[in-house]
Each structure stands twice: as C-alpha cells, then as structure tokens.
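What follows draws every value from the coordinates through simple rules; no lab data is involved. This structure is a prediction, so every number in the text was calculated from the model and none was measured. Heads up, the Cβs are rebuilt from the backbone with ideal geometry, glycines too, and the neighbour counts pull from every protein chain shown.
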Amino acid sequence: MSAEEIKTTYPFYHLDDIIAGNHNLIDKGYFDGNTLFDWWKRSAREKGVEYLTNEVIAMTLNASGSQVESVTLATGELIACGTVVNASGPRAVRTSRMAGIEIPVEPRKRYTFIFDAETPLKGDLPLTIDPSGVHMRTDGAYYLAGCPPDDDPPVDYDNFVQDHSIWEEKAGPAIAHRIPQFEAIKLINSWAGHYAYNTFDQNAILGPHTTVRNFIFVNGFSGHGFQQSPAMGRGTAELIVFGEYRSLDLSPFNYTRIENNLPFTEDAVI
Ligand SMILES: Cc1cc2nc3c(=O)[nH]c(=O)nc-3n(C[C@H](O)[C@H](O)[C@H](O)COP(=O)(O)OP(=O)(O)OC[C@H]3O[C@@H](n4cnc5c(N)ncnc54)[C@H](O)[C@@H]3O)c2cc1C
C-alpha cells in the first residue's frame, strides 16, 4: 500500500516518513500461545505421550560416536533412546554439546509491553512493524508492543531482567510517533523473553546430525517458532516414523546447510 492508501484505510498513522507499507488481509490473526500449547500437550497425553518433569544433563554415545545410546537425567536415571530430539529452545547448544555438537543458536532478549491508551482506536490495530524495529497490535482489550534492544548480545539462560529504559526511550516514543493518538498511554504489564536466535541465518534448524545419526534438531526459530511449530512437529514426527518428510518438504531447513555453509536466510524477523 502506498502512504496515501494507508492513510485512507488507517487514518490514525503518522505517515510523513513512510513511503509504503505491506499488509496481508488473508488468514491474518493472532492467538494465545499458552492456550494453544496447553491444548497440544493435553492431546499428546491422550494419544499416549509420556511427559517427565526433569532435566537432561548428559548424553552417552556409542563407541563410534554415531548414536546417542542414552540420556542422563538430573535425578540420576538413564533413559535409553532410539531417537533424541533437541527441542530445547534457547538452550539448544547447551543440549547439543552433550552429544559433542555445536550449533549457532544463542539466547537473545526480547521485550514485550502491554499498554492501554487514554483514547483507544475505533477499530483493531493491525500488526504494525515500525521502521524503528518496534512492533505493535491490538491484544484483547489492550495493545501489545515489542522490540529488540539496540545492543543485542547473547544473555545468560536465566537472565529475564526487564530493562525499563527500553520502554521509556525506545518503544514508548516510537509508538507515540507512529500513532499520535497514543501519546497518552499507560504501561499495564511487561516482560522479557528469549529468542532462540540462530546467528547463522535466523531460520529453523531441522533434521538429523550428519555424524550422530539419531540426534534430530528442532532448533533456532529466532522468534517465529510458534507459527511454524505445527508443521515442524509433524515433519519431525514423519522423519522419525517414515525416515522422510511426507506432508511438506522441510529439507531446506536441514542442519546440513550449517555444515555446508549455505545460509537459508529469514529476513522477516521482528
Ligand atoms: C517475546 C517473544 C515473542 C515471540 N513472538 C512470537 C510470535 O509472534 N510468533 C511466533 O511464531 N513465535 C514467537 N516467538 C517465538 C516462539 O515463542 C518460540 O519460537 C517457540 O516458543 C519455541 O518453541 P520451542 O519448543 O522450540 O522452545 P521453548 O518453548 O523454549 O521450549 C524449550 C523447552 O525445553 C526445555 N529444556 C531446555 N533444556 C532442557 C534440558 N536440558 N532438559 C529438559 N528440558 C529442557 C525448556 O524447559 C522448555 O520447556 C516469540 C518469542 C519471544 C521470546
């Protein structure tokens, strides 16, 4: 959409510094991640999946290093395994190192803010990705915004400390600049989370390792893992059961591209 087209449909934006925008109206929406995750977990239990509340702290490989034979839990038990799936989010490399494998994934902090507006918009605010790097949208009765910090180093796995200057100096001003009606807004809630950031090409890493053949990656989602997770989960299940992808060819995401230094770059990361 040109700036004029945006202005006609969404008159609340300040557009003097905008040339054009991109908006998809087909199958667009948002969902509550916790509810969806909970539902999947319950469905999996009903189908016989067993969940253990524990931590994997080590892995034992066979003599040739081609198979993980067992994983060791923090409570001391050993679990023999046909296949190991590394689905450990921001801790991906911590887990892969247990099998002697390096992958380019690190925890990077991302900030989320829930805010109320003194003068709310008449309709919903579509997901708006501002050139400043701040994104925002309607979130139930309120609005949600988020952004990366300007300085974006890897952080400790347990570091979820909020940095309030990001709201005051970056997100708040960017929101008020883009939507002048949002000059009077009140922060309701905020938190910091971790992206499992793939420093190589910001895309998912899937499939088996080249040497440790029963070690499968589902890693490196770089902030877009939830929307991809139904496909990634089904594809990985097919790989384990049939030895191949059947519903969708997910091979462009294969781990081999990391070893072969062939990036499959995801540019649309917010
Ligand atoms: C602020 C923020 C906003 C986001 N917004 C979006 C969005 O709009 N759309 C989208 O698609 N995605 C979004 N994401 C990304 C999405 O949340 C992640 O990609 C997704 O949750 C990753 O799922 P996962 O199962 O790979 O990892 P996680 O959900 O991190 O799960 C990993 C699990 O592994 C466990 N674990 C780790 N190590 C061990 C161990 N040694 N032993 C046992 N268990 C272990 C952890 O406890 C955890 O339960 C966002 C992320 C953040 C932080």
**Request:** Jot down the radius of gyration and Dmax of region 1-123, Cα atoms only, both in angstrom.
**Result:** 23.7, 68
**Prompt:** Where does region 108-194 land on Rg/Rh, using Cα atoms and the Kirkwood Rh?
**Reply:** 0.97
**Item:** Selected from HIS209, LEU144, GLY193, residue furthest toward positive end of dipole (the chain; charges at beta carbon)
**Value:** HIS209
**Item:** Proxy reagent accessibility, fewest Cβ within 10 Å first, across THR199, THR112, THR8
**Value:** THR8, THR199, THR112
**Message:** Over 28 Å between Cα atoms: which of LYS7/LYS109; LYS7/LYS28; LYS41/LYS186; LYS122/LYS170 fall into that group?
**Reply:** LYS7/LYS109; LYS41/LYS186
**Message:** Give me the one-decimal nm value for the distance between modelled label points at ASP267 and ASN159, 7 Å along each residue's Cα-to-Cβ direction.
**Reply:** 3.1 nm
**Prompt:** In nm, what is the difference between 0.36 nm times the number of residues separating LEU127 and GLU5 and their Cα-Cα distance?
**Reply:** 42.2 nm
**Request:** With a ≥ b ≥ c taken as the square roots of the eigenvalues of the C-alpha gyration tensor of region 208-253, please select rounded if a/c is under 1.5 and otherwise prolate if a/b is larger than b/c or oblate if it is not?
**Result:** oblate
**Asked** Mind checking the dipole of region 108-194: about its Cα centre, +1 per Lys or Arg Cβ, -1 per Asp or Glu Cβ, Debye to the nearest 20?
**Response** 300 debye
**Request:** Determine ³J(HN,Hα), in whole Hz, for all residues of region 3-10 in sequence, where each value follows from phi through the Karplus function 6.51 cos²θ - 1.76 cosθ + 1.60 and θ = phi - 60°; x replaces Gly and Pro.
**Result:** 4, 5, 5, 4, 4, 5, 7, 10
**Asked** Can you tell me the Rg and the Dmax, both Å, for the Cα atoms in the chain?
**Response** 21.5, 68
